[in-house]
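Data first, discussion second: the structure below is written as structure tokens.
The values are calculated or read from the model by the stated rules, or taken from the named source; none is laboratory data. On a predicted model such as this, the values are computed, not experimentally measured, just so you know. Methodologically, a virtual Cβ is constructed for each residue, glycine included, from the backbone with ideal geometry; neighbour enumeration extends over all protein chains shown.
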Amino acid sequence: MLLHLNFNSDIPIYQQIRNQIVVGIANGALEPGQRLPTVRALAEESGINMMTVSKAYQLLKQEGYIQTDRRSGACVAPRPGGNGPSRETVEGLRLRLSELRLAGLSRERALELCAKLYDEEGET
């Protein structure tokens, strides 16, 4: 699994791993049932601590994006149908929209940007 980690970012490494796996699931790069690298393998491949990868996997499991099994490891969970976004996701979107508004984007431009990004994710 190829991750692009930015060690100079203010975003914690475990959160970067989580975010990239979620994007991979959303754009179809990671399919339901697909096995993920073991914690040890991903840590070695990325040059990071195993606890960092473990924290990312625990968060993904808690959020329902992956399933874990002691024998088969971690794999992408089946996609839930129609449960809607979590409260945290909606609040995160609210924050990002507020930042766009403060940056001077009009409602129309913000919606255009959202539509463009949404469509790009569907194409990947």
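Brief remarks follow.
- Contact annotation: no residue pair with Cβ atoms under 7 Å, 6 or more positions apart or on different chains, pairs a residue in the range 83-101 that is in contact (Cβ under 8 Å) with a residue 12 or more places away in the chain and closer than 20 Å to ARG18 by Cα with a partner that is surrounded by 10 or more Cβ atoms within 10 Å (Cβ to Cβ) and not aliphatic (A, V, I, L, M).
- Only residues that are more than 17 Å from the chain's Cα centre (by Cα), of a type outside the set (A, V, I, L, M) and part of a loop (DSSP other than H, G, I, E, B) were counted in the range 23-61, giving 3.
- So ILE21, is it closer than 23 Å to GLU88 by Cβ and exposed (fewer than 14 other Cβ atoms within 10 Å of the Cβ): no
- Enumeration of residues in the range 28-73 that are small (Gly, Ala, Ser) and farther than 20 Å from GLU88 by Cα: GLY28, ALA29, GLY33, ALA41, ALA43, SER46, GLY47, SER54, SER72, GLY73
- Selection status of ARG87, under 25 Å from ASP119 (Cβ atoms) and more than 14 Å from the chain's Cα centre (by Cα): no
- Subset tally (residues that are modelled with pLDDT of 85 or more, surrounded by 10 or more Cβ atoms within 10 Å (Cβ to Cβ) and either in contact with a helix residue (DSSP H, G or I) (Cβ under 9 Å, 6 or more places away or on another chain) or assigned to a loop (DSSP other than H, G, I, E, B) (or both)) for the range 62-92: 11
- Residue ID - surrounded by the most Cβ atoms within 10 Å (Cβ to Cβ), chosen from residues in the range 24-61 that are of a type in the set (Gly, Ala, Ser) and touching a residue at least 40 places away in the same chain (Cβ under 8 Å): ALA56
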